[in-house]
Every structure is written in structure tokens, then in C-alpha cells.
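Structure first, commentary second.
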2 protein chains.
Amino acid sequence: MSPDFAQRLNAVAETVEAALDAILGPAPLAGEIARPQRVLDAMRYGALGGGKRLRPFLTVETARALGGDAAAALRAGAAIECVHCYSLVHDDLPAMDDDDLRRGRPTAHKAFDEATAILAGDGLLTLAFDILADPATHGDAEVRVALCLGLARASGLGGMVGGQMLDIEAESSATPLDDNAIRRLQAMKTGAILRFAVEAGAIVAGADARKRQALLRYGEALGSAFQVADDILDAEATSEQLGKRAGKDAERNKGTFVSIHGLDGAKRLRDRFVDEAIAALGEAGLAGEGDILREAARFVAARAN
Amino acid sequence: MSPDFAQRLNAVAETVEAALDAILGPAPLAGEIARPQRVLDAMRYGALGGGKRLRPFLTVETARALGGDAAAALRAGAAIECVHCYSLVHDDLPAMDDDDLRRGRPTAHKAFDEATAILAGDGLLTLAFDILADPATHGDAEVRVALCLGLARASGLGGMVGGQMLDIEAESSATPLDDNAIRRLQAMKTGAILRFAVEAGAIVAGADARKRQALLRYGEALGSAFQVADDILDAEATSEQLGKRAGKDAERNKGTFVSIHGLDGAKRLRDRFVDEAIAALGEAGLAGEGDILREAARFVAARAN
């Protein structure tokens, strides 16, 4: 990771944190009746104070490479981060992955209680669409509603929610998943949102169809690299490095890219996805402007947590 | 309930059921990767096969009274119903109200399991915004995005989710709520969505500001009548009539309109809200066109389940 990339990643994470902190303030917006303290606190707990903010980073940097409005991209990225954070809060629940630790802190249902964690997740998911639909995000209703639709498709039944269902089913299945099934599961569970994070930057910037298609391929390949890297991390890293329990995949005997391709094979696969992502940036016609996005693809492949 | 009103209520319920059945079909939409069977089944279980469909009825009939597009109103109403249904699925969870019975059937986490019920709820909430943002709902992006924003405000932190949090807190509190606190709780938990169901009809129909304001007052008064009627029902009805456990409020010692005003006082309050709702329809300039909406206000006050 170049010092320049690290600086940009941190800078965007700080602006995302500040944006979410302001959005999750105590004052009700027009149309809201009140913001009850306990669920607001739990939403803040789930959304603030941690994470690389990779998804908003992709939105912000894609929009920047295309000359899009920075403030609009930041709000769109913050909305996508709300969906990511809600999914972590719900996935950690006892009925789901039953995790006590997340980013080195107690999970939301441990810090609060299960009912509050369920509601906080529901609140963060709803808030994501509130942010995107709000005229404060972008002056053009076509842009705002395209963001709403894209986020819904990426995060619902046919995307993240469906992927989490497949993941849960895989864990209770006697036979581990094969390569195709893992790819579909991962493309839904984590890939769809990563891809949309890139697409959202293109939507905000009003990119033409050719650029948008190429950037979709970039986002998809980056997402695939991310997923393979995740399996490699789970196999190699310690819980301390991850800030959450490691070795879960092997423990649960579910198929992963590592169990199917071996550690070296998984690393080759990961590197191939990074190459694909970088090639797609070229097709999008992003030369110098795409440097940060190129590094982003290498970063998701090489990250240590 | 006049035969004409009963017929309209049933007719709308049937079209809503058919619309949700089609929306929750097996084929993935553009941008969706696949629709995993188990979570699709659970979403269908939560959304189909029951309910008066009061919220979509209000949307459809408000749009009709204003001369708005029927198909657009139906889709908007179906989206609002998805939010209502998700809230029931999540509220019934063991960590929340812990109910085994809903509309005379096992609750979703009983028919499936907790993890699937949580995901199905998340999927229905996300689907609501998918429906509203989809160009199939309305040709004008301004209309679609206004629907998204209104639904988010009504159903999130400052609306339904916040109201459910207050309700849970009230149950573990030593002192029952006072009248003001109950009104706020109910306005958030059930009132905001009912009010928005009416507003959505006005948005679809492109009503002017004066009509929209009057209809907001109608929706708010109707929602209040609904809530007081709900407390009266809980105190008077049997579980068989309700299709869910009755007498829960008294059992949990939480303040209700009945515990504060007595049964007769609550009935007077309910009737006052109905009068307010009907007066607001007059202010909206809906004479003959508003007959069904007038009956709707009386219906929510007099319903037996």
C-alpha cells in the first residue's frame, strides 16, 4: 500500500465517519416524530467507530476519477456503509452467526440486547434509503432514484440478503459447496454491494453506458478478489489480527476458495481477479484518474484484516 | 361497514395479494443474481395469504379519490405493505414480542427458523424500496423518489422502528406510560405508516400542497383512531377473534389508552379521532370522491380484528 493510497483511504474514512456522525444526530428530520435514544445509540454503535470504509471509498474514488460531485458521492457512500453495517449487526445475532466480537468490540446485541440490535439493523437499512432519496444527496431525482434502486437490488433478496441465506444453508449442509456454488454465494453476499459501491460513483458522476459497464466489471472483479482474500485471511490470520473470531470457515466445514483450490491456488485466483479489475479500469478509459482505483484492487487482495 | 365498502376493501386486498405474488416470483430482476428459494419462501409466507391490506387500501383509495393512476398507487401500496409485513415478522421474533401465532398461523420464525425470519424481514424491507424506485411504479423519477423518502421517514428511526423501541422500553419499565408518551409511541409505531399510506396516494396523484396537508391530517387522525381501537380490541376481544394472543397489554402492565381513559373514555377518544379524520377530508375538498375514505375512518375504529 503506497503512502498516498493509505492517506486517501484514511481521509475518506474520516469524512465518512463525520458524515454518519452528523446523519445519526439527535434532531429529527422533517417527517420524523422523534429519535428515541436507545435505538439511536445502537445505530451509532453499529455504524460509527471503525472499519476501513472500503465501500464508501470505492464510491468516492470512482466518482472522483470521473469528475463527479464529491459531496454527493460521500452521501451515497455513507448510505451504502449503513447497509454494510446493518448486515454486520444482523449477521452477528445469536440466531445467525452468533458472534460476540466485531472489530475488537462486543457485537451490538452484546453491548445492547438482541431486540435493540435487530431494531438498530432495521433502522440502519431504512436510513440508507432515506439518505439516498434525500434531495441533500443530489439535485437530480433521476440520480437519487437510480441509487435507491441499485442499492435495493444489490442488498435484498437477489443480492446480500439472499447470499446470507445461502451461507446459512451451506453451514447446515452435509456436503461442502462446489466452486460454482461458492462463487454465487459470495457474489451475492459481499460482491453485489462492492460492485454497487463502484456503480454508485458512476451514477453520481453521470458516467456514460460504456464507462459504467466497464466499471461494473471492475467492481465485480474487485469483489471477487475481496472474497478470495477473505477466505485466505480466515485460513491464515489470527483472531487478534481480524478483530473477530478466525478459522470459522474450517470449523464449520463449509466450502471456501481455500478448501477447494488450496492456499496457493486461492492466491493465484485472487491475483487473477485483481488483474481483471485493473484491465476493466483500462476499458473504462481511466488512465491517470484511475490510479487510486487500481491500488484499491491490489489493496483488497493484500489486506491483513 | 356498507356492502359497497366491504366489496372495495376485498377487491383491493385481492389486487394487492396478486401484485405481491407476482413481485415475489422466482425470476431474478435486472441486477439480481438469483432468488434463493428458502428466503423467497419465507418472504412470501410473511407477505402473502392474509391481512386486510388496510395500508395499500388507503393508498389506492386516496389516489382514486384524487384521480391518480391506479396501477402506480397499487405498487406504492404493495411496497408499504411489504414494510408492514416485515415489521410483523421481526416484531414476532423471540427477542422481540415472542409470538407464536399471527393471523391464526404460526409466525415466520416458527414456520421457518429465526435466522430465516430475520433475513425474510430484511428482504421485505429492502424490497419495499425496490418497488418504489422501479420505473414500473411511475414514470416520473420525482414521484418515485418522494415515495422512497416518505417511506423511509415513516418507517425508520424517527417512525416505526423508533416506535417499536419505545414499546419495548415501556414493557420493561416499572411505571406505565402517561397519555403523551403513549400517543408518541403509537404515532411512531403504527401512525406514521398509516399516515404515509394516505400521503403516498396523494404523491402518486400529484395532489397540490393544500390537499396534501389536509390528507396528512386525515391520515394522522385515522391512525390515532386505529391505535385507540387496537387497545380497545386488546382489552375486549378473544384470541380467536384476533388471530393472535389477546390481553397482552394488560398482562404486560404497559400503559394503554384503555388503562388511562377507561374503556368508555377510550371509545369516546376513538370517535373523536374519526370525526377529525372526516373533517380533514372536507378540508381536502373531497366531497363525493371521499366517501370511501370516510368509511375507512369509521372502519378502522369499528373493526373486530
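The values are calculated or read from the model by the stated rules, or taken from the named source; none is laboratory data. The structure displayed is predicted, hence computed values, not measured ones. Using ideal geometry, Cβ is built from the backbone for each residue, glycine included, and neighbour counts are taken over all protein chains shown.
Are any residues in the stretch A:185-200 among the polar types (S, T, N, Q) and either more than 12 Å from chain B (Cβ to nearest Cβ) or under 9 Å from the mean Cα position of the chain (by Cα) (or both), and if so, which ones?
A:Thr190
Determine, yes or no, whether B:Arg184 is touching an Asp or Glu at 6+ places or on another chain (Cβ under 6 Å) and at pLDDT 90 or above.
So B:Arg184 does not fit the description; no.
Just to confirm my filter: which helices (runs of 4 or more DSSP H) fall fully inside the stretch B:205-280 and include at least 1 residues that are modelled with pLDDT of 95 or more and surrounded by fewer than 19 Cβ atoms within 10 Å (Cβ to Cβ)?
Correct list: B:209-236.
Can you tell me which condition A:Val39 does not meet? The list is (1) buried (at least 21 other Cβ atoms within 10 Å of the Cβ); (2) more than 25 Å from A:Asp113 (Cα to Cα), and all the others hold.
(2)
Assuming B:Leu147 fulfils every condition listed in (1) under 24 Å from A:Ala117 (Cα atoms); (2) surrounded by 24 or more Cβ atoms within 10 Å (Cβ to Cβ) apart from one, which condition is it?
Going through (1) under 24 Å from A:Ala117 (Cα atoms); (2) surrounded by 24 or more Cβ atoms within 10 Å (Cβ to Cβ) one by one, B:Leu147 breaks only (1).
Would it be correct to say that B:Ala95 is within 14 Å of another protein chain (Cβ to nearest Cβ), over 23 Å from B:Ala152 (Cβ atoms) and not in a helix (DSSP H, G or I)?
yes
On the basis of being modelled with pLDDT of 95 or more, surrounded by fewer than 22 Cβ atoms within 10 Å (Cβ to Cβ) and either among the hydroxyl-bearing types (Ser, Thr, Tyr) or in contact with a Ser or Thr (Cβ under 9 Å, 6 or more places away or on another chain) (or both), does A:Leu93 make the cut?
Taking the combined requirement at face value, the residue does not satisfy it.
Conditions tested, residue by residue: (1) among the β-branched types (Val, Ile, Thr); (2) in contact with a helix residue (DSSP H, G or I) (Cβ under 6 Å, 6 or more places away or on another chain); (3) touching a residue at least 24 places away in the same chain (Cβ under 8 Å); (4) within 8 Å of chain B (Cβ to nearest Cβ).
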| position | (1), (2), (3), (4) |
| --- | --- |
| A:Ala136 | no, no, yes, no |
| A:Glu142 | no, yes, no, yes |
| A:Gly150 | no, yes, yes, yes |
| A:Met165 | no, yes, no, yes |
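Here are some conditions: (1) modelled with pLDDT of 95 or more; (2) under 15 Å from the mean Cα position of the chain (by Cα). A:Gly50 meets all but one. Which one does it not meet?
Result: A:Gly50 passes all but (1).
Among the residues of the stretch B:27-50, which ones are more than 7 Å from chain A (Cβ to nearest Cβ) and either among the aliphatic types (A, V, I, L, M) or out of contact with any Leu (no Cβ under 7 Å at 6 or more places or on another chain) (or both)?
Hits for the stretch B:27-50 are B:Ala27, B:Ala30, B:Gln37, B:Asp41, B:Ala42, B:Tyr45, B:Ala47, B:Leu48, B:Gly49, B:Gly50.
Give me the residue from the stretch A:167-184 that is facing another protein chain (nearest Cβ under 7 Å) and closer than 18 Å to B:Asp122 by Cβ and, out of that set, surrounded by the fewest Cβ atoms within 10 Å (Cβ to Cβ).
A:Glu169
Just one of (1) within 18 Å of B:Ala202 (Cα to Cα); (2) basic (Lys, Arg); (3) free of Cβ contacts under 8 Å to residues at least 40 places away in the same chain trips up B:Arg75, so point out which.
(3)
From (1) more than 10 Å from chain B (Cβ to nearest Cβ); (2) under 19 Å from A:Lys189 (Cα atoms), pick out the condition that doesn't hold for A:Lys110.
The single condition A:Lys110 does not satisfy is (2).
Wholly within the stretch B:3-90, which helices (runs of 4 or more DSSP H) include no fewer than the required count, namely at least 1 residues that are farther than 29 Å from B:Ala214 by Cα?
It comes to B:3-23, B:37-47.
Please verify whether A:Val83 is within 9 Å of chain B (Cβ to nearest Cβ), β-branched (Val, Ile, Thr) and under 27 Å from A:Val204 (Cβ atoms), treating the condition exactly as stated.
yes
Working only within the stretch B:6-31, note down all residues that are charged (D, E, K, R), surrounded by 15 or more Cβ atoms within 10 Å (Cβ to Cβ) and more than 25 Å from A:Gly156 (Cα to Cα).
Across the stretch B:6-31, the qualifying residue is only B:Arg8.
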